[in-house]
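The values are calculated or read from the model by the stated rules, or taken from the named source; none is laboratory data. The shown structure was predicted, so the numbers you read here are calculated from the model rather than taken from an experiment. Virtual Cβ from ideal backbone geometry, glycine too; neighbours counted across all protein chains shown.
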Amino acid sequence: MSTEGADVAASLYREHEKSLRGYVVRLVPGYEVAHAEDVVQETFIRTIKHLNKGKTVDSPKGFLFTTARNLITSMFYRGRRATETDSMPNMDEYTSNVNACSAEHKAMLQQKLDAFCVAIATLPKRYQEAFVRRRVWGESCGEIAVAMHLSEAAVSNYAALGWKLLLEYCEKHEIVINDFSDQE
């Protein structure tokens, strides 16, 4: 990087880093601080690369915020694609199998289901609603979009990020969610 480019990047960082971080956190509620930090860091890395190519930035703040928004959109897309292939516990299968279990096994499964419900309750409200309607109740994105007054893409993003946050919560709290349908 040229000295001039490094000076410009350092100046942009000092001037806009705090407001950019706040923007990222507001844009995607429910993100952990580490996620916001990653977006901010990647935004500045991309800005530096842009400056290193000899390109100019007419509106530095606008460029930073647009870059951050594009990164978040990209992360949502990747997250949605990755989570679409993840397996969600089959609640219908779970409830039908519970009747065939011993009392001890029913109690263990009920504990796991309770922990899963607590995990869902920790999600931000929009993520929670989109996730439950999509993954638990089986509603289409179109139906949910109408009910929540959102676009289908937003519903898909909320449900996908809800699933991602749910998986992170369950992993952190050692909650196993993939064995609701296990039988004795």
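A few notes on this one:
- Against the test of being in contact with a helix residue (DSSP H, G or I) (Cβ under 7 Å, 6 or more places away or on another chain) and in a helix (DSSP H, G or I), the options Leu123, Leu109, Leu113 yield a single qualifying residue, Leu109.
- Every test in (1) buried (at least 21 other Cβ atoms within 10 Å of the Cβ); (2) modelled with pLDDT under 85 is passed by Asn157 save one, and that test is (2).
- Per the listing Arg26, Arg78, Arg69, the residue uniquely at pLDDT 80 or above and either over 14 Å from the mean Cα position of the chain (by Cα) or not assigned by TED's automatic domain parsing to the domain that holds Arg133 (or both) is Arg69.
- Cβ-Cβ contacts under 6 Å between residues 6 or more apart (or on different chains), taken from a first residue in region 130-143 that is closer than 13 Å to Tyr158 by Cα to a second residue that is at pLDDT below 85 and aromatic (Phe, Trp, Tyr), are absent.
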